[in-house]
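Trainee: Okay, handing you the structure first.
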Amino acid sequence: IGSLLARSFAKLGVSAHIGRTVSEFEALRRLLAPDIITLDLELPDGSGLEVCREIRKDPDYDLVPIVVISGISDRATMLECLRAGANDYIQKPFAREEFHARIANLMKLRALQTELIRKNKALENLAYHDSLTGLFNRGYFNRFFQQEIDSARSAKESLGFVIVDLDHFKSVNDTYGHKVGDEVLVEVAAIIQKTIRAHD
């Protein structure tokens, strides 16, 4: 069935890498970052169901669709696979058109989820960073500073807090204009970022 799947994926414009055993699959998983995973339940050296459970323990694979392909028509087996984290269950033998439609739908869903995460990160970046300097803003401070205090208390560690004021900054704006003033702020922000430690 491996060659059949490879041909089916090729028609969808997807490169397929076939692992015929659990050990081969794990080796491929370490080397590649798959967009979708298909699993047979019956493998020479293990269970596809257990492989599915192990994959779902890895947070890096939260969004990777898993499709179980099996000749077992038992409804209880199908439900067990879905509960283990499979996104779909295709019974062998299957029609090529059905396989294409299911795989295409799952890959489209994966692309939409990835795009949604990207947009949410961009929105979070806008919400918590100053648009001029790129430094964290007051919204970030308000949300996370109390967490830093609580964390320091629970670890019985000290917490340093520094307020920086730019001397005579008003005169820079008054003399050279706000555009130059903005450039000064950007440069000072870059100096601060280069000076502090990564976790500060």
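Trainee: As an exercise, find the ratio Rg/Rh for the stretch 118-170 from alpha-carbon atoms, using the Kirkwood inverse-distance average for Rh.
Mentor: Using only Cα positions, Rg/Rh for the stretch 118-170 is 1.09.
Trainee: Still on this structure: Given N residues in the chain, what is Rg(Cα) / (2.2 N^0.38 Å)?
Mentor: The chain yields a ratio of 1.60.
Trainee: For the chain, what is the percent of antiparallel DSSP beta bridges, rounded to the nearest 5?
Mentor: Once the DSSP bridges in the chain are tallied, antiparallel ones form about 25 percent.
Trainee: Could you work out Rg/(2.2 N^0.38 Å) for the stretch 1-49, with Rg from alpha carbons only?
Mentor: 1.12
Trainee: Turning to a different aspect of this structure: To the nearest 10 square angstrom, what accessible area does Leu4 show with a 1.4 Å probe?
Mentor: 50
Trainee: Under a Cβ-Cβ cut-off of 13 Å, what is the net charge of the residues other than Asn87 that fall near it, where Lys and Arg count +1 and Asp and Glu count -1?
Mentor: +2
Trainee: Per-residue accessible area for His178 at 1.4 Å probe radius, Å² rounded to 10?
Mentor: 130
Trainee: Might you work out the accessible area of Leu185 for me, using a 1.4 Å probe with all protein chains in place, and round it to the nearest 10 Å²?
Mentor: The accessible area of Leu185 comes to roughly 50 Å².
Trainee: Assigning unit charges at the beta carbon (Lys, Arg +1; Asp, Glu -1) and nothing else, what dipole magnitude in debye, to the nearest 20, does the chain show about its Cα centre?
Mentor: The calculation lands at about 520 debye.
Trainee: I've got another one for you. If I compute solvent accessible area with a 1.4 Å probe over the protein chains, what percent of it on the stretch 52-186 is carbon and sulfur?
Mentor: 54
Trainee: How much length is gained on full extension from Thr195 to Glu157, taking 0.36 nm per residue of separation minus their Cα-Cα distance?
Mentor: Additional length available on full extension: 11.5 nm.
Trainee: Another question, if that's okay. List the aspartates and glutamates whose Cα lies under 17 Å from the Cα of Lys179, skipping any in the same chain that are fewer than 8 positions away.
Mentor: Correct list for Lys179: Asp130, Glu187.
Trainee: Here is a further query. Considering only protein heavy atoms, with the full assembly of protein chains and a 1.4 angstrom probe, order Asp150, Asp165 by accessible area, largest first.
Mentor: Ranked from most to least accessible, the order is Asp165, Asp150.
Trainee: Follow-up question, since we're still on this one. Rounded to the nearest 20 debye, what is the charge dipole size of the stretch 60-161 about its Cα centre when +1 sits on each Lys and Arg Cβ and -1 on each Asp and Glu Cβ?
Mentor: The dipole magnitude comes to about 140 debye.
Trainee: Just the number please: accessible area per residue for the stretch 1-133, 1.4 Å probe, all protein chains included, in Å².
Mentor: With the other protein chains kept in place, the stretch 1-133 gives 62 Å² per residue.
The values are calculated or read from the model by the stated rules, or taken from the named source; none is laboratory data. The structure displayed is predicted, hence computed values, not measured ones. For neighbour counting, all protein chains shown are included, and Cβ atoms are generated from backbone atoms with ideal geometry for every residue, glycine included. Accessible surface areas use protein heavy atoms only, side chains included; no ligands, DNA or RNA. Shrake-Rupley method; radii C 1.70, N 1.55, O 1.52, S 1.80 Å.
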